[in-house]
Each structure stands twice: as C-alpha cells, then as structure tokens.
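Heads up, the thing below is written out as structure tokens.
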Amino acid sequence: MEKPFPHITCGVCSKPYNDPRMLSCLHSFCLQCFHHEIGKSGFQQMFQCPICERNTSIPVGGVSVLPQNLHLGFEVEVAGYMSKMVNNSDVACDHCIDGGNGPAVVFCCTCHQFLCKVAYECHRTGRHLSKHNMVGLDQEGARQLHTTMKPRDHYCSQPNHETSQLKNTIGIRGRGDGQFFFPSDISIKGDVLYVVDNGNHRVQKLTSSGNFLHEFGQKGLGQGQFICPVGVIIDSNNKLIVSDLNNHSIQIFNENGGWLLTIDGNGSGSHSFESPRGLALDPQGNIHVAASGSNTIKVFTKEGVYVRMYGGPNGPIGIAIDDEGYSLVYPRDGSVFIVNYDANTVLNLCDQWEVGGATIEAYGDDTLSTTQKMKKAISTVEQKTAKKRKMHDAKEAT
C-alpha cells in the first residue's frame, strides 16, 4: 500500500516523529532528538537546524517550551492507526479496560479509538455517539481513514479566541510516567497538576509544564487502589479526594498520595452509593458526590461522615458548587441542572425558562446573567412553594 504521509520521519533519528517540536525556520524534530543534539553540542542558548543551518534561540525553560508541530503529530498518529489496520489481525480495543472484550472490529474516526464489538454497540446506540464516523479494519478502511479522520481540536472555543492556538499539551498515550490512558479529570494547586489516569488506575502528579513528579494508586480493591478512578478535587488542607468508579468509593489522600481515608459506598444504608464520578466541595467543606449509579448526590463531611442526600437529574456525572452553595449538576443526557441543595429545589437550564409549566419572570430581565436568572427563578419557586405550604397548613388547622 502506498504510504500516505511521506514526510513523517525525523531528520535526526530517521524514525517517525515522537512529540515533534518546531524551530523558527519551521523545520521540526523529535523533542528527545533536540535534547540529544543540544547535549552533544553543549550550546544551551542556541540551536542550529541540521537541515537549513539557521539558528534558533532556545527559550527560557529549554527545548520543551518550543511549539509543538501539531500537524506532523497528527500525521504520525494517523499513519500509526493505518499501519495497525492493515498489518495486524488482532488489534486491542481502546475503549474497554485492558482490552477485555475481544479484538477491535472497527475504528472510530471521531474518538480516535479502536473498538471491539461491545464498544461498537455502545457507540452505535449511544445518544451522543451514534453519529461518529466508523471505518472497518482493512485496506479500504485505512484509505477512508486518511480522508475521514480529523485532527483533534487544539484551538480555544471561547468567543473572540478562535485564532488562539493551544499553548502546550502534556503527555502521550501509554503506561509510563507522564503517559496516560483515558485521563478523566484534573485538579490544580499552584504549579502542580493532579491528573486522574483512568485506564491506568492511578493519579499522576506533574508540574504545569508536564514534568512527572509522582504517581499513586494501582488496580485493586485495597486501600489506595482503584478500579477506574474518575474525579479528583483538592480541599483547603491540600487533601486529594478521588472518586473510584468501580470500587464504589471515595478515597482521600495527602498531597503526596499517602492514603488517609476511604468512604465506602457499598452496602444498602443511606450512606451507600454506586458509580461515583464528579466531586465538589461546598462552602462548609462537605464533599458532594455525583453518584451516577444511584441517581443522587450524596453529601459527606471531610471526615467521611454521611450528612444527607439530595435529588436531581438521573445519572449525574459532573457537579460544581459556587460560593453561595448552589450546585450545577451535569447528567448523562447532556443537560445542566442548577440545584439549591438545602431546599432541594431543582431547575433545568434546558427547560426554556419554565418551571412546573409556569414561566418565571426573572428570565425576562436581560440585565441578569443566566446563573443569576436561575437563582432568581429558584427563589421565586421557593417563595411560591412556602406560600402554598402555609395556605395548606392553615387549611388543615381549620
């Protein structure tokens, strides 16, 4: 089969590019090749391009700060997928843990993943996945891949930021230090990043520039072990709180990954929960757990004592809480709910400004932000509910 990308070989190591970085002359080389060549030359402030011999000043922070050549990186990625599709009879599924449901049968051009029969069925029938582009694992599929697969979006999507390119990316796919297999969440404390490495059943600690510092966790059922960790948050005492999806628990660690406490969701009591995902802290420091398998939000103290639960959308997977104690909850169906968890009042941001069939006047005020409108609407609903309750109590008293 004719090679679709003739320019994916580094001019220094003669191998496919690995994390290509770009010089001011626009020639690119592997990051590790830059380190090797600078080590040989001894020049730390200037690098001479091996192709055109033009000099590039090395920025403060070293060659790791040089811009990534995202286009070349994408071409190498596609070529690697195509090689697997044509040359390998059994390609592991990227979606399932440890490829446990058999070899891949298709490739998803949207997710950039090989999928087994089970994962393919999830994609084919999923609400938000059914429109993804799939190709078969053969030469025809490889040819389609070249024209169908699109690069990942590396540009800011915020208004007026459309031309702002991503400054840096951290990590590559893999099992080693600083490598990830389905990273699912991140928390930042100063110059330190804590990344949940879901498929590797661990949490990695890195600098903001991507340098690996430490990891903790491994696959298992014991203290400090995970089976598919999903979320991580940091409290005011620098304790790390991690949701462990398939162990149905929340684990708390010190900032260096030392295990401190497990909140066990297994069982049948009021404290129990299934499949915890998103986490948030309220102004009092309580931990709110979006338990997608239990269709509830469970609240615990930082010592792990059960406080209460409150309702909301089915299958909550994400949650955030503002300084006033309002929860924004994100369920599986893609909508967003705002919840006053003290009053257990729930409004859907996608309900076209209607609550219980009655339009809330707050939404006609264009001077308010969406969140302010939602909060005003909640206040209106609570006032009406309190008035009805008072009228009901008065009626019962007579």
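Please verify whether Asp185 is of a type in the set (D, E, K, R), modelled with pLDDT of 90 or more and surrounded by fewer than 16 Cβ atoms within 10 Å (Cβ to Cβ), treating the condition exactly as stated.
Values: of a type in the set (D, E, K, R): yes; modelled with pLDDT of 90 or more: yes; surrounded by fewer than 16 Cβ atoms within 10 Å (Cβ to Cβ): no.
Spelling it out, it is not the case that Asp185 is of a type in the set (D, E, K, R), modelled with pLDDT of 90 or more and surrounded by fewer than 16 Cβ atoms within 10 Å (Cβ to Cβ).
Within the range 10-68, work out how many residues are open to solvent by less than 90 Å² (accessible area, probe 1.4 Å) and acidic (Asp, Glu).
Number satisfying all stated conditions: 2.
Just the residues that are outside any loop (DSSP other than H, G, I, E, B) and open to solvent by 10 Å² or more (accessible area, probe 1.4 Å), please, taken from the range 200-214.
As a first pass, look at the range 200-214 and keep what is outside any loop (DSSP other than H, G, I, E, B): 200, 202-207, 212-214.
Across the range 200-214, the qualifying residues are Asn200, Arg202, Lys205, Thr207, Phe212, Leu213, His214.
Name the residue that is modelled with the highest pLDDT, counting only residues in the range 1-20 that are hydrophobic (A, V, I, L, M, F, W, C) and within 32 Å of the chain's Cα centre (by Cα).
First pass over the range 1-20, keeping only residues hydrophobic (A, V, I, L, M, F, W, C): 1, 5, 8, 10, 12-13.
Checking the rest, the ones that are also within 32 Å of the chain's Cα centre (by Cα) come to 5, 8, 10.
Working: Phe5: 49, Ile8: 83, Cys10: 88.
Looking at the filtered set, the residue picked out is Cys10.
The values are calculated or read from the model by the stated rules, or taken from the named source; none is laboratory data. Predicted, not measured: the structure shown is a model, and the values here were computed from it. We place every Cβ from the backbone using ideal geometry, glycine too, and count neighbours over all the protein chains shown. Areas reflect the complete protein model, heavy atoms only, side chains present, ligands, DNA and RNA absent. Shrake-Rupley method; radii C 1.70, N 1.55, O 1.52, S 1.80 Å.
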